[in-house]
1. From the P(r) of region 104-145, could you give the percentage of C-alpha pairs in the tail past 12 Å?
2. Which FRET efficiency value, to the nearest 0.05, do you get for residue 271 and residue 197 by plugging their Cβ-Cβ distance into 1/(1 + (r/R0)^6) with R0 = 22 Å?
3. Given a cut-off of under 8 Å on Cα pairs at least six residues apart, what relative contact order in percent is computed for the chain?
4. Given the rule -39500 (n - 2.57) for each run of at least 4 DSSP H residues, summed and divided by the residues of the chain, what is its mean residue ellipticity at 222 nm, to the nearest 500 deg cm²/dmol?
5. Using a Förster radius of 45 Å, what is the FRET efficiency between residue 128 and residue 340 based on their Cβ-Cβ separation? Nearest 0.05, please.
6. Using the Cα atoms of the chain, I'd like the radius of gyration and the largest Cα-Cα distance, Dmax, both in angstrom.
7. How do 318, 44 rank when sorted from fewest to most other Cβ atoms within 10 Å of their own Cβ?
8. State the dimensionless ratio Rg/Rh of region 153-305 (Rg: radius of gyration of Cα atoms; Rh: Kirkwood radius).
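Each value in this text was obtained by applying a stated rule to the coordinates, not by laboratory testing. Quick caveat: nothing in here was measured; it's all calculated off a predicted structure. Here Cβ is always computed from backbone atoms with ideal geometry, including for glycine, and neighbour counts include all displayed protein chains.
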């Protein structure tokens, strides 16, 4: 039985088991919406998953994707060039090993120690270099175009294409295998919470297109993204259902959803609403690119050596106002209007 089907079967048996004393799941966890079940059935219970919607322009995503495409084409080209150049040499070595005298034959009795050392060293370097190419470099383009375990980027783009709204599915890397029971181990829950909080940071998700969110903790699940978009295209699930969802499978409770909104503080939630409202206001003005340039500028200053000091904050604020003025937008007025609108809607 496939892992996803086993997980679904297991979930149906354990979904109502092991609640807390009040019959509720441990906070900040809850049962996922039934709407997501067709998507969940495609996932492996071994990993933690994060889905979110990327609203970057389709043209921008196309430009980002061109970079790994060209890089992998270059790798394949260089690999083929290396094979064309080195294969005759290895054929000669093999023939020499079978007793044929050729250019690679070493006449030990006629060669000096230094000549022998150079020849043996050169051959060793060739072997080592080609070993690195085959074992570590060649898998990159192979996985990029023909990976099958979790799908591959080429298959994903072929099926999904480039869209204004794209669903990205991130899958936890090796750290998930060390989690154990997150409800019994305090350290496990801390690790999980830390990685989720960092990965779902609104500024990070807004600043970078989803393709650039791969790091040491999270991989992109290409097959998961294809499955999500297929369900949306078939109108089985609305695209908004994938907006910042965290899914984790436990033996006791089956599939659970980590409630990111509930875990965030009220202040953080207010800032998030203000940030998104400001982006929407710029989008209505046809200036959405200003939002991303603003985020990049703040992130650049914050990541610079010495921390985000008061002086750097003032410098960043001056640059931001200048940036917006060039586009005919009053930053301060637009921000005040946005914040007032968000506060007013929160009080209703």
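1. Numbers: 572 of 861 pairs.
Of all Cα-Cα distances in region 104-145, 66 percent exceed 12 Å.
2. Details: r = 14 Å, r/R0 = 0.64.
It comes out at approximately 0.95.
3. Details: 326 pairs, mean separation 94.4, N = 348.
Taking the mean separation of contacting Cα pairs over the length of the chain, I get 27 percent.
4. Details: 14 runs with 197 residues, N = 348.
Roughly -18500 deg cm²/dmol at 222 nm, from the helical runs in the chain.
5. Working: r = 65 Å, r/R0 = 1.45.
Efficiency, rounded to the nearest 0.05: 0.10.
6. 27.1, 95
7. Working: 318 10, 44 18.
So the residues, fewest neighbours to most, are 318, 44.
8. Values: Rg = 17.1 Å, Rh = 17.6 Å.
Result for region 153-305 is an Rg/Rh of 0.97.
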